[in-house]
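The values are calculated or read from the model by the stated rules, or taken from the named source; none is laboratory data. All figures in this text were calculated on a predicted structure; none of them were measured in a lab. Note: ideal-geometry Cβ built from the backbone for every residue, glycine included; neighbour counts use all protein chains shown.
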Amino acid sequence: MADHRTVLITTGGTIAALTTADGAVPSLAADDLFSGAGDITAIDLMSVDSSAMTVADQFTVVAAVVDALTDAEVTGVVVTHGTDTLEETSYLADLFLTDDRPVVFTGAQRPADAPSPDGPDNIAAAFRAVADPASRGRGVLIAIGGEIRSARGIFKASTTALAAFDNVHDALPRHPIARPVPRGRHARVDAFTLYPGVAPGIIASAVSQQAAGIVLSATGSGNTHPDITAEVSAAVRAGVVVVVASRVPFGAVVPAYGGGGGGVDLARAGAIMSRWLRAPQARIAVLALLSAGADADEIRTFFDTVEPPG
């Protein structure tokens, strides 16, 4: 067995893009992206902007990662991915990763034909991370802009900086879903940002359109208008899982306010509070759990245990 046999899965994104008259377009394959030494198995899975990925695409990426790790001789997996939704797909992979071997996502902020592209350095860093024994058992990692970060709690913090990501908290625990990756139909989970004047009807509309879950990006520590609380209560009674996160980047979301629309009121209405995961990753967690067959109680338990140590 080679010392480091790595699977490289490419999905498109800016790291594989070339500039055209119509903007940057993913165009390059694995052989164009990486020519380093080593035992590399390349899989050109898809070539899309990550902002255009579907839920089915995201599950396809995760299934490819899991399938690659069925080979005992593979020591790790590198995935190239657009940065727009990297925080979502990488976290989806983290949820289904039960193996200790490293899986590292990477991308780029500049197209491959830019005067100073960042993609080559990021890919090289991803391969180094896969080869590093310290990466084992950490779940999915992100290698971008000279930084190695956990996929858990990550979010895109800059549209231009090469170190594009940050974490809500840098020590969120691993909570793999001990079920196979769903490969058929997936649950529909909607997400809405709350703000003064938001129409409460958006929740009823999601329920009427058969959403199985709804994630709300609320103000502050999980607060909103009383009219939203009434709609949350109705949605929960209809069997829809409702999770409340915060649109604030950092800090725990702890219900503390009442007044009809505070976090205390939403929790009493049956909403599940996402203390650490912000809306994009909270939605991914609900999507993964519902698609894998979890019920509302299991989802509540999941969010209750996403707590940093200490």
Among the residues of segment 1-27, which ones are more than 30 Å from PRO133 (Cα to Cα), under 26 Å from the mean Cα position of the chain (by Cα) and assigned to a loop (DSSP other than H, G, I, E, B)?
-> SER27
For segment 48-59 the number of residues that are more than 23 Å from VAL130 (Cα to Cα) and outside any loop (DSSP other than H, G, I, E, B) is 6
Just a yes or no: is a residue in segment 126-138 touching a residue at least 60 places away in the same chain (Cβ under 8 Å) and either closer than 20 Å to THR83 by Cα or of a type outside the set (Gly, Ala, Ser) (or both)?
-> yes
Of all residues making up segment 213-232, the number that are farther than 18 Å from ARG283 by Cβ and in contact with a Ser or Thr (Cβ under 7 Å, 6 or more places away or on another chain) | 2
Does ALA187 satisfy being closer than 22 Å to ALA56 by Cβ, touching a Lys or Arg at 6+ places or on another chain (Cβ under 9 Å) and surrounded by 20 or more Cβ atoms within 10 Å (Cβ to Cβ)?
-> no
Restricted to segment 191-212, and to residues that are touching a Ser or Thr at 6+ places or on another chain (Cβ under 9 Å) and not in a loop (DSSP other than H, G, I, E, B), which residue is surrounded by the most Cβ atoms within 10 Å (Cβ to Cβ)?
-> ALA191
Can you tell me which residues in segment 290-310 are outside any loop (DSSP other than H, G, I, E, B), under 14 Å from SER274 (Cβ atoms) and acidic (Asp, Glu)?
-> ASP304
Restricted to segment 39-59, and to residues that are out of contact with any Asp or Glu (no Cβ under 9 Å at 6 or more places or on another chain) and not aliphatic (A, V, I, L, M), which residue is surrounded by the most Cβ atoms within 10 Å (Cβ to Cβ)?
-> PHE59
Could we say that ALA234 is surrounded by fewer than 22 Cβ atoms within 10 Å (Cβ to Cβ), in contact (Cβ under 8 Å) with a residue 12 or more places away in the chain and among the aliphatic types (A, V, I, L, M) here?
-> yes
Could you please let me know if ASP31 is in the same structural domain as ASN122 (by TED's automatic domain parsing), modelled with pLDDT under 95 and either buried (at least 22 other Cβ atoms within 10 Å of the Cβ) or among the charged types (D, E, K, R) (or both)?
-> yes
Applying the selection to segment 60-86, what residues are assigned to a helix (DSSP H, G or I), in contact (Cβ under 8 Å) with a residue 60 or more places away in the chain and either crowded, with 24+ Cβ neighbours inside 10 Å or touching a Gly at 6+ places or on another chain (Cβ under 8 Å) (or both)?
-> VAL62, LEU86
